[in-house]
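Quick notes on the structure that follows.
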Amino acid sequence: MLLNRSQLWAIAVRDSFVALLPLTIFGTAAVLLGNLPIPGWSEWLTRLLGTGWQAATQGVVQGTYGIFGLALAMVLSSQLARRMPVPQGEEPLLPLLAGISAMANFMLVLVVSEGPDIAALGHASMLLGIAVGIATPELLRALAARRSMRWMALGYESAPLFYHATRLTPAMVVAGLAAMLVAEAVVALPAPGTQWLSGLAPAINRWMDADWLLTSAAVLINQGLWFAGIHGGKVLDQLGPQVFGAPGAAFDPALAWRPLIDNFVLLGGTGATLGLMVALFIVAREGPHRRVAQMSVLPSIFNINELLIFGLPIALNPMFLLPFLLAPLALAWLSLAAVHAGLVPLHNVAVPWTTPPLLSGYLITGSWRGVALQAAGLLLSTLIYLPFARRVEAQRLRSQADALQSASEAIVAQGQRHVSSLRRNDEVGLIARGLFADLARDIGSPALALAFQPKHDRSGAAVGVEALLRWTHPRHGPIRADVAVTLAEDGDLIRRLGAWVLDEACARKAQWNALGLSRIRMAINVSPLQLLDPQLPAQLAFCLAQHRLSPGEIELEITESHAVPAGQGVDDNLGQIVAMGVTLAMDDFGMGYSSLLHLRRFPVHAIKIDGSLTRDVLHNPICGDIIATITAFGRAQQVEVVAEFVETAEQQEALAALGCDVFQGYLHSAPLPSAACVDYLLAHAPRVDDTVEVPVSGLT
Ligand code: C2E
Ligand code: CA
Ligand code: CA
């Protein structure tokens, strides 16, 4: 998907908020600790920890929230550098250097505009952080592409970091000077005054109580700013007495009343996000959204919602814009209506902003009616957030499915040399490691099962089945068998998985035998890596004995798609297995590394022609020629030739004419669960007296 510039920016900003989550959580915890509205809390902490704890929590807040703007500029700049497309002929921008440049630019702007004030590094400078974080990499890239900026660059023979650092230095200097110039210009602009507001309230009051409009406007300003990641409360503080009643003043319908907004609108923090949290619990049964909701419970009770705003995130997330404006607005109107109708008394008492909703409603009204109003507000905001939370969760599930699918492709991708996806340092690696851990957990649980696909001979009778792994992941649903097997191979889990498959297939076969299906041969896939295990023959013998099977009932399919490791150990294993009477089949013959070579090493009983050859047999004469060669070889060596991926009757006819003996594919049946397979086999198994050859064309 190609993103335009502003989409790219928005995604990078959101990702940066998420990347800074550790800072947010650390800061939130400190704010919570320092502001718990429990009587005697701070005295108790002082007794426990000494007087230093207050300074310590303040220090944590300053070191986390207090540098958020600066950190945002750096992280955003490097995120954008990483994501920006690299035009043909240009060099990519090193994210590390883009981050360093943004740090310098942020500080340069501060030095020009406010003087080196440490308070300006934090949440107050969020907007600055975003602006610098976007402008820096854009500017750097444009500058660095110019020949005149490259005079310091070393040759490409130097160490890469050295090369990039020298290449970018002139551009970084110019970008820094530009940042200072812009800051100078902005400082020179006249500051916006709030004097013009003074006529507003009286004018409105002439035809209605001004608190309706003023409260709505204040709520919208607060929400809009927070949505952009800017601390709206600080801006409200500056709006002054023309809009808000003076601190400590009683409710006055001619002005907006801060305590009403704080206690009846911002339930759970800005955006009335307590409702969002509840909505998330309702729509997300599992996954990251539910985790975020769980983590938000404690802070949200105390009206601290940075985790939701920057973690979910809400900030700059277009899917949340509407309810983030609407829910608080609706709550403001609900509360104003209740107050104007005289339903809730309002006391003029100071309630700390961290007081939990419901309790604060009681404190500020001295009545259960305040509690009821807040409960109604919580319900209303939940209802408003609900459809949006549902959409966001549905979108998450969709993108999770997409990510899983492309990761699956990457996990099984076989290049010249297979590279384990478990070691990758990207989304594929993350998903691969997660799936791997889940697979290890699920072996032996009902999430893993075998399906069985019938094989038919020329007469149409079912003569065998192939056992195929089926993994139904508890959260993601069915996972491709080759993905599970490749992960197990990459992560050294294949012996455990293989042992389970072996035992499960033998156990099923024993059950089927009791139903009269002992003539059906059970084929089990074995990874080449399992062949290295010196225990394999003993394991196999144990399984056969335990389930009272005769060796001739079992066939091992050795896939050719991985190179079969060479070596005496493998050959010894295979020799022992064949000596036991278990037969071997060479799977995916014709596409692998050294099919013919292997035939010299292993005494195989059957060859399974690779599906890509049989699939194209009707349309590609070369495939037909290759198959004819394989079947001629099979006849000469008395090796059975199996065709898989047989999907149509014409295809089977062509394959039979080319000399294939056994057919497997959707034409006959897809892989079936054990019980269904038994029914199928009972209907299609050869009758003992049935010796007449039926022409292939009359089969299905
Ligand atoms: P395979 O051994 O070549 O298995 C044949 C695959 O083709 C199976 O995919 C089967 O479901 C699919 N198939 C069957 N008939 C048709 C058809 O008519 N058309 C098409 N297009 N496909 C058909 P599945 O079950 O997804 O397994 C994929 C691969 O995973 C297997 O390829 C095998 O290499 C591996 N695998 C599966 N189960 C096991 C296992 O228990 N152990 C090991 N080591 N590998 C396994
Ligand atoms: Ca197979
Ligand atoms: Ca195969």
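Does the stretch 555-565 contain any residue that is open to solvent by 30 Å² or more (accessible area, probe 1.4 Å), within 16 Å of ligand 3 (Cβ to nearest atom), modelled with pLDDT of 95 or more and out of contact with any Pro (no Cβ under 7 Å at 6 or more places or on another chain)?
So far as the stretch 555-565 goes, no, none of its residues is open to solvent by 30 Å² or more (accessible area, probe 1.4 Å), within 16 Å of ligand 3 (Cβ to nearest atom), modelled with pLDDT of 95 or more and out of contact with any Pro (no Cβ under 7 Å at 6 or more places or on another chain).
Determine, yes or no, whether PRO241 is assigned to a loop (DSSP other than H, G, I, E, B), exposed (fewer than 12 other Cβ atoms within 10 Å of the Cβ) and touching a helix residue (DSSP H, G or I) at 6+ places or on another chain (Cβ under 9 Å).
So PRO241 does not fit the description; no.
Looking at the stretch 58-79, can you tell me whether even one residue there is under 18 Å from ARG167 (Cα atoms) and either at pLDDT 95 or above or surrounded by 15 or more Cβ atoms within 10 Å (Cβ to Cβ) (or both)?
Looking for residues that are under 18 Å from ARG167 (Cα atoms) and either at pLDDT 95 or above or surrounded by 15 or more Cβ atoms within 10 Å (Cβ to Cβ) (or both), one finds at least one in the stretch 58-79, hence yes.
Are there any helices (runs of 4 or more DSSP H) wholly within the stretch 602-700 with 2 or more residues that are within 16 Å of ligand 1 (Cβ to nearest atom), modelled with pLDDT of 95 or more and under 42 Å from the mean Cα position of the chain (by Cα), and if so which?
The qualifying helices (runs of 4 or more DSSP H) are 674-684.
Have a look at PRO345, PRO352, PRO313 and point out the one that is in contact with a Lys or Arg (Cβ under 8 Å, 6 or more places away or on another chain) and over 21 Å from LEU280 (Cβ atoms).
Going through PRO345, PRO352, PRO313 in turn, the sole match is PRO345.
Do you know which of the residues in the stretch 631-683 that are out of contact with any strand residue (DSSP E or B) (no Cβ under 8 Å at 6 or more places or on another chain) and within 16 Å of ligand 2 (Cβ to nearest atom) is nearest to GLN453 (Cα to Cα)?
Among those that are out of contact with any strand residue (DSSP E or B) (no Cβ under 8 Å at 6 or more places or on another chain) and within 16 Å of ligand 2 (Cβ to nearest atom), it is TYR666.
Output the residue which, of all residues in the stretch 410-444 that are of a type in the set (D, E, K, R) and closer than 23 Å to ARG495 by Cβ, is surrounded by the fewest Cβ atoms within 10 Å (Cβ to Cβ).
First, pick out the residues of the stretch 410-444 that are of a type in the set (D, E, K, R): 417, 423-424, 426-427, 433, 438, 441-442.
Keeping just the survivors that are closer than 23 Å to ARG495 by Cβ gives 417, 423, 433, 438, 441-442.
Numbers: ARG417: 6, ARG423: 10, ARG433: 16, ASP438: 18, ARG441: 11, ASP442: 19.
Looking at the filtered set, the residue picked out is ARG417.
Based on what the data block shows, is GLY590 surrounded by fewer than 22 Cβ atoms within 10 Å (Cβ to Cβ), farther than 24 Å from ASP503 by Cα and either within 14 Å of ligand 2 (Cβ to nearest atom) or modelled with pLDDT under 85 (or both)?
Values: surrounded by fewer than 22 Cβ atoms within 10 Å (Cβ to Cβ): yes; farther than 24 Å from ASP503 by Cα: yes; either within 14 Å of ligand 2 (Cβ to nearest atom) or modelled with pLDDT under 85 (or both): yes.
So GLY590 fits the description; yes.
Assuming ALA488 fulfils every condition listed in (1) more than 16 Å from ligand 2 (Cβ to nearest atom); (2) within 23 Å of GLN414 (Cβ to Cβ) apart from one, which condition is it?
For ALA488, the failing item is (1).
Take TRP500 and tell me if it is of a type in the set (Phe, Trp, Tyr), open to solvent by 40 Å² or more (accessible area, probe 1.4 Å) and in contact (Cβ under 8 Å) with a residue 40 or more places away in the chain.
So TRP500 passes the test.
Among the listed residues ALA403, ALA394, ALA341, ALA389, identify the single one that is open to solvent by less than 50 Å² (accessible area, probe 1.4 Å) and without any contact (Cβ under 8 Å) to a residue 12 or more places away in the chain.
Values: ALA403 fails: without any contact (Cβ under 8 Å) to a residue 12 or more places away in the chain; ALA341 fails: open to solvent by less than 50 Å² (accessible area, probe 1.4 Å); ALA389 fails: without any contact (Cβ under 8 Å) to a residue 12 or more places away in the chain.
Only one candidate passes the filter, namely ALA394.
Does the stretch 542-550 include one or more residues that are within 15 Å of ligand 2 (Cβ to nearest atom), open to solvent by less than 20 Å² (accessible area, probe 1.4 Å) and not in a loop (DSSP other than H, G, I, E, B)?
Looking for residues that are within 15 Å of ligand 2 (Cβ to nearest atom), open to solvent by less than 20 Å² (accessible area, probe 1.4 Å) and not in a loop (DSSP other than H, G, I, E, B), one finds none in the stretch 542-550, hence no.
Give the residue that is farthest from ligand 1 (Cβ to nearest atom), with candidates limited to residues of the stretch 514-537 that are among the polar types (S, T, N, Q) and surrounded by 20 or more Cβ atoms within 10 Å (Cβ to Cβ). Don't jump to the end; show me each part of the working.
Start the filter on the stretch 514-537 by keeping residues that are among the polar types (S, T, N, Q), which leaves 518, 525, 527, 530, 535.
Filter again for surrounded by 20 or more Cβ atoms within 10 Å (Cβ to Cβ), leaving 525, 527, 530.
Working: ASN525: 4, SER527: 4, GLN530: 7 Å.
Here the answer is GLN530.
Just to be sure, is LEU383 part of a helix (DSSP H, G or I), open to solvent by 40 Å² or more (accessible area, probe 1.4 Å) and closer than 30 Å to LEU336 by Cα?
It is true that LEU383 is part of a helix (DSSP H, G or I), open to solvent by 40 Å² or more (accessible area, probe 1.4 Å) and closer than 30 Å to LEU336 by Cα.
As an exercise: evaluate GLY245 against (1) touching an Asp or Glu at 6+ places or on another chain (Cβ under 7 Å); (2) small (Gly, Ala, Ser); (3) more than 19 Å from PHE388 (Cβ to Cβ); (4) touching a residue at least 60 places away in the same chain (Cβ under 8 Å) and give the number of the one condition it does not meet.
GLY245 satisfies all of (1) touching an Asp or Glu at 6+ places or on another chain (Cβ under 7 Å); (2) small (Gly, Ala, Ser); (3) more than 19 Å from PHE388 (Cβ to Cβ); (4) touching a residue at least 60 places away in the same chain (Cβ under 8 Å) except (4).
Confirm whether VAL465 is more than 20 Å from VAL428 (Cα to Cα), touching a residue at least 12 places away in the same chain (Cβ under 8 Å) and crowded, with 19+ Cβ neighbours inside 10 Å. Show your work before the answer.
On the way: more than 20 Å from VAL428 (Cα to Cα): yes; touching a residue at least 12 places away in the same chain (Cβ under 8 Å): yes; crowded, with 19+ Cβ neighbours inside 10 Å: yes.
For VAL465, the condition - more than 20 Å from VAL428 (Cα to Cα), touching a residue at least 12 places away in the same chain (Cβ under 8 Å) and crowded, with 19+ Cβ neighbours inside 10 Å - is met.
Looking at the stretch 262-271, can you tell me whether even one residue there is open to solvent by 50 Å² or more (accessible area, probe 1.4 Å) and small (Gly, Ala, Ser)?
No: zero hits.
The values are calculated or read from the model by the stated rules, or taken from the named source; none is laboratory data. Since the structure is predicted, the reported quantities are computational estimates derived from the model, not experimental observations. Quick reminder, even Gly has a Cβ in these numbers, built from the backbone with ideal geometry, and neighbours come from all protein chains shown. These area figures cover heavy atoms from the full protein model, side chains too; ligands, DNA and RNA do not enter into them. Shrake-Rupley method; radii C 1.70, N 1.55, O 1.52, S 1.80 Å.
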